[in-house]
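Novice: The following block contains the structure, expressed as C-alpha cells.
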Amino acid sequence: MKKLHSPMPLHGGSPLYWWIVSVVLLVCSSALHAQSHTPATVLLTGSREIKIGDKGFIAWRFQDYESVQVVGDTVSVIRGARDMITISPAKTTTYRLTALKQGGSRLDTVWRVTVLTQAQSDSIAGNEEKSAGAKTMSAKNTNNKNAPLPANELPPSVFATAETSSKPSEYYAGISHPEGDAKGWQGVKVKIVRIPDNSIEGAYLHAAVLDTMGNFLPALHTLDRAFKVTLIGKPDDESTRTNTAGNTASRDVLPPAFPELALREASLYDSPDLAVTLCVDNANYMQKFVSATGTLYEDFMRSLGNRVEKNQIVFDHRTMMNPPVQPAKESGGLTALYKAAYKGILTLKQSGRRHKALVLVSGGKDDASILYTMHDVMRSAREFGVVVYAIAVGSNADTYALRMMAEYSGGRFYAVDDGKSDEFQKILKEIALSYKAFYEITLSGGTGVQAHSKVIDAMLTFAVEKKGIVVSETKPFAMSEQAYYSAHQIVATFAANSFQADEQYDSQIGALALALKDNPTKVIELVGHTDMQGNDGTNRSFALRRAQAVKSRLTAMGASPAQIRLRSAGREKPVYYFESEDWQSRVNRRVELRWLDPALVPYEILAEAVASEEEAMRLESVWSARGYDAYYDAFLINRIPAYRLKLWGFPTLENAVKAKDELQAKYKLPLRVQ
C-alpha cells in the first residue's frame, strides 16, 4: 500500500544550491476566506531556491487548524497542521497551502520556490566559497577531534544545581563533586544514556559512569584508555560469514570492531542547543497513574533549565499541544500512540536545535493512528536526529513497540508498574540528569563494521586496572527497520444504543476522508462492532448501521462511496471481553478501519469454525501440511467462545476466489472469501 503519511527528508542537494528562510506571518484568515474570522499564527519554513533536479522541503505550523492541503507542480497532498513535505519541482513553482478545520473554516497562503539552472547554481556556489574561505579554515582547526581537552568541561551551574545521592540506586540519581570521593567504587556501573548519531562517519554516543548511589563520576575522561567501545555486527549476507581459513564460520556475527575514540565531558543543562518534547498518554486506562504522578511532569521540565526548548503533547485518540497533564473526562479509552509520537518528532525537528529528545509515556496499545505506523516513527526519529525515551506504564502497555522506537532511535526503554509513581520519578530524573552531565564518546575513526552489517550492538567498557574495575553495558547501535502494525485501527466509538459517532471523533473521520480523497485508488473496509449486551442477530444489524453512519460522514466530506466497503462483526470481536469499566464498553462499540491492500492485509478464506482451541490448533496443522498459510482467531456466538480457521496470503480477490472454489470441490467444505 502506498504510504498515506510518511516522514520526508528536510533537506536535499548541496546547501550551495538553495537556502532556507523562516517567515512568521500573522495572517487574518477573514481576509483570505469569508468563513473564517479569527486571526491565526502561521509559521512557514523551507527551500526558496533549488537547483534543477535537487530536492527541498516546505514545513509549516498552522495554529488552531486540523489539516493542510498542499497543491503545486505535481504535488497534491493532505498533511497535518504541523507537518512538512519534500519537493523537487521541475520549474519555478508557487505552492498553495490551504489549512482546514472543523466547520469548514480555511486559511490560504503560498510558498514560491525558484528553480535554478546549472549555471545559476554554479555562480552562487562560487560566491559562497569565496566569502566562506577564512571561516572554513578556522572551523577545521577548532573541530580537530584529537586536540587536547580541558580536565573538566562541566560548567559550574551543573554542580551548583545538582544534588548528590546518598542512597543506593540503579538509576542515574545525582552528580558527585569533582573534589569529592566516589562512593563505592566496587559498585561502579556504566550506562549508555543515548546514541544520537550512528552513521558510519561521525558516530558518537553519550554515557555516564555511576557509583553505587547512582552519582555521576566526573573527570574520568582524563584517565588513559579507560573507555573502550566494541561494535559487533551481524552480516547481511550468508557469504560473508567465513573464518580465517576460508570456511564457513559457525558464528553468525562479524569480527568485532574497536574504533578509535575521542572523549570529552559535556553538559546540555540549560542549553539553547537542546529541545525536549514530553508526550504523555492520557487515555482512560492512564487516569489512576496520571492522578498519582501529580507535578512530576512539571518538575521534570523545570529541571532541564530555562533555555531548553520544551513542549508537551497530551494524547488519547487526539493530540493536544501544551495542555496540563490531568485526568481526562471523556477520553474513550483509545490511544493514537504513533500519531502523537510522530507529531512530537516533527515539533522537535522544527525547533532547529541540534540535540532533540522525545520522552514518550504510554500505558496502552495504539488503536487510533489510522494514518501513522511504528515504521513512520522509527524512520523519522533517525532521519531528524531525535532520540526517543520510551516509558511503558502497566501491564497493558505495548512494550514491544515502545522498546523498538526507543532502541532504533538511540534512546532508552523503561517499564514501570501502574502504582509505582516513585519509580517513574526516578526514571524522569535519570533522563534529566543524563543531559546535565555525560561523557561524549566520538568514534573518530568510523565504525568499520557498519559497512557490512545492518544490525550492530555496541558494548561500552569502562576499566580502571588499579581499582580492579571492569564494567560494561551493551546496547543496540544500529537496527534494521521493523514492520509492525496495530491490531486495531479505530475510526470512532459510540454511545450505548446509538449509531451516531461521538463528536470527539470528527477530526479522526475528517483526516480519513482527506486521505481517501488524496488517494482515490485506495479502498477501505469499515467494520462495525457492538458491546457485549443484547443478542447476536440484533448486534450484527446495529453494528452495520454504525459502519454505514461513518461511511455517510466520509462521503459527505468528499470521499468516494466506491472506496468504502462495509462489514458487521456484531459482538464477535470485542477489544475487551470483560467490560468492567464504562469506557471498555465504549471501546467495544466501535467502527474499525481495514486498508484493502494485498501488501498489508491479504485476502483470506474463512474455513472451518470449531468450539475448542485445541481443535483449532489441530486444523491449523492440517492445513499447513496441505501447503496453506493458516491461522485461527477467537470470536463469540451468543457469548460462547468459538474459533475460526483462516487461510491467508492471497494477493488478489481473484486468487482467493479461485483457491476457494478448488478447495470446496476437493474437500467438500463451505468456504468464504474475506
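The values are calculated or read from the model by the stated rules, or taken from the named source; none is laboratory data. Because the structure is predicted, anything quoted here is derived from the model rather than measured. Glycine also receives a Cβ, built like all others from the backbone with ideal geometry; neighbour counts cover every protein chain displayed. Ligands, DNA and RNA are stripped out before the accessible areas are found, and what is left, the full protein with its side chains, is counted by its heavy atoms. Shrake-Rupley method; radii C 1.70, N 1.55, O 1.52, S 1.80 Å.
Novice: I need the full set of residues from segment 553-586 which are over 30 Å from LYS517 (Cβ atoms) and of a type in the set (D, E, K, R), in order please.
Specialist: Of the residues in segment 553-586, the ones over 30 Å from LYS517 (Cβ atoms) are 570-572, 574, 576-585.
Passing the criteria: ARG571, GLU572, GLU579, GLU581, ASP582.
Novice: Which residue, of ILE200, ILE232, is at pLDDT below 85, more than 14 Å from SER434 (Cβ to Cβ), part of a strand (DSSP E or B) and of a type in the set (A, V, I, L, M, F, W, C)?
Specialist: That would be ILE232, the only listed residue that is at pLDDT below 85, more than 14 Å from SER434 (Cβ to Cβ), part of a strand (DSSP E or B) and of a type in the set (A, V, I, L, M, F, W, C).
Novice: I would also like to ask the following. Please specify each residue of segment 281-304 satisfying the condition of being buried (at least 22 other Cβ atoms within 10 Å of the Cβ) and outside any helix (DSSP H, G or I).
Specialist: ASP281, ASN282, ALA283, LEU304
Novice: Here's a follow-up. Tell me the residue from LEU554, LEU544 that is open to solvent by 20 Å² or more (accessible area, probe 1.4 Å) and either free of Cβ contacts under 8 Å to residues at least 40 places away in the same chain or closer than 20 Å to ASP367 by Cβ (or both), please. Write out each step before concluding.
Specialist: Details: LEU554 fails: open to solvent by 20 Å² or more (accessible area, probe 1.4 Å).
When all the criteria are applied, what remains is LEU544.
Novice: If we keep just the residues of segment 71-88 that are more than 25 Å from TYR505 (Cβ to Cβ) and aliphatic (A, V, I, L, M), which is modelled with the lowest pLDDT? So that I can check it myself, show each step before the final result.
Specialist: Let us first name the residues in segment 71-88 that are more than 25 Å from TYR505 (Cβ to Cβ), namely 71-76, 84-88.
The next check asks that each one be aliphatic (A, V, I, L, M); those that pass are 71, 75, 84-85, 87.
Working: VAL71: 90, VAL75: 83, MET84: 76, ILE85: 81, ILE87: 85.
Here the answer is MET84.
Novice: Which of the residues spanning segment 78-119 are on the phi < 0 side of the Ramachandran plot, out of contact with any helix residue (DSSP H, G or I) (no Cβ under 6 Å at 6 or more places or on another chain) and not in a strand (DSSP E or B)?
Specialist: The answer is ALA81, SER88, PRO89, ALA90, LYS91, THR92, LYS101, SER105, THR117, GLN118, ALA119.
Novice: List, please: which pairs have Cβ atoms under 6 Å, are six or more places apart or on different chains, and start with a residue in segment 641-670 that is under 25 Å from GLU613 (Cα atoms) and end with one that is β-branched (Val, Ile, Thr)?
Specialist: If the second residue must be β-branched (Val, Ile, Thr), the pairs left are TYR643/VAL610; LEU647/ILE605; LYS660/ILE605; LYS660/VAL673.
Novice: From the list GLY364, GLY344, GLY411, pick out the single residue that is part of a loop (DSSP other than H, G, I, E, B), touching a strand residue (DSSP E or B) at 6+ places or on another chain (Cβ under 8 Å) and surrounded by 23 or more Cβ atoms within 10 Å (Cβ to Cβ).
Specialist: On the way: GLY364 fails: surrounded by 23 or more Cβ atoms within 10 Å (Cβ to Cβ); GLY344 fails: part of a loop (DSSP other than H, G, I, E, B).
GLY411 is the lone residue from the list that is part of a loop (DSSP other than H, G, I, E, B), touching a strand residue (DSSP E or B) at 6+ places or on another chain (Cβ under 8 Å) and surrounded by 23 or more Cβ atoms within 10 Å (Cβ to Cβ).
Novice: State whether one or more residues within segment 316-329 are within 21 Å of GLU581 (Cβ to Cβ), at pLDDT 90 or above and out of contact with any Phe, Trp or Tyr (no Cβ under 7 Å at 6 or more places or on another chain).
Specialist: no
Novice: Only one of these conditions is not met by MET378: (1) within 23 Å of the chain's Cα centre (by Cα); (2) in a loop (DSSP other than H, G, I, E, B). Which number is it?
Specialist: (2)
Yes/no matrix, rows are residues, columns are (1) under 12 Å from the mean Cα position of the chain (by Cα); (2) open to solvent by less than 30 Å² (accessible area, probe 1.4 Å); (3) more than 22 Å from ASP64 (Cβ to Cβ):
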site: ASP316; (1), (2), (3): no, yes, no
site: THR335; (1), (2), (3): no, yes, yes
site: LYS349; (1), (2), (3): no, no, no
site: VAL359; (1), (2), (3): yes, yes, yes
site: PHE384; (1), (2), (3): yes, yes, yes
site: SER395; (1), (2), (3): no, no, yes
site: TYR400; (1), (2), (3): no, no, yes
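Novice: Residue check: is TYR576 out of contact with any Pro (no Cβ under 8 Å at 6 or more places or on another chain), modelled with pLDDT under 75 and farther than 18 Å from GLU525 by Cβ?
Specialist: The answer is no for TYR576.
Novice: Something else about it: For a quick check of your reading of the model, give me the residue pairs whose first member lies in segment 485-498 and is closer than 11 Å to ARG546 by Cβ, whose second is open to solvent by 40 Å² or more (accessible area, probe 1.4 Å), with beta-carbon atoms closer than 6 Å and at least 6 apart or on different chains.
Specialist: THR493/ARG586
Novice: Does ALA609 meet the test of being at pLDDT below 80, more than 29 Å from the chain's Cα centre (by Cα), on the phi < 0 side of the Ramachandran plot and not hydroxyl-bearing (Ser, Thr, Tyr)?
Specialist: no
Novice: Assess whether ALA99 counts as being of a type in the set (A, V, I, L, M, F, W, C), free of Cβ contacts under 8 Å to residues at least 24 places away in the same chain and buried (at least 17 other Cβ atoms within 10 Å of the Cβ).
Specialist: Taking the combined requirement at face value, the residue does not satisfy it.
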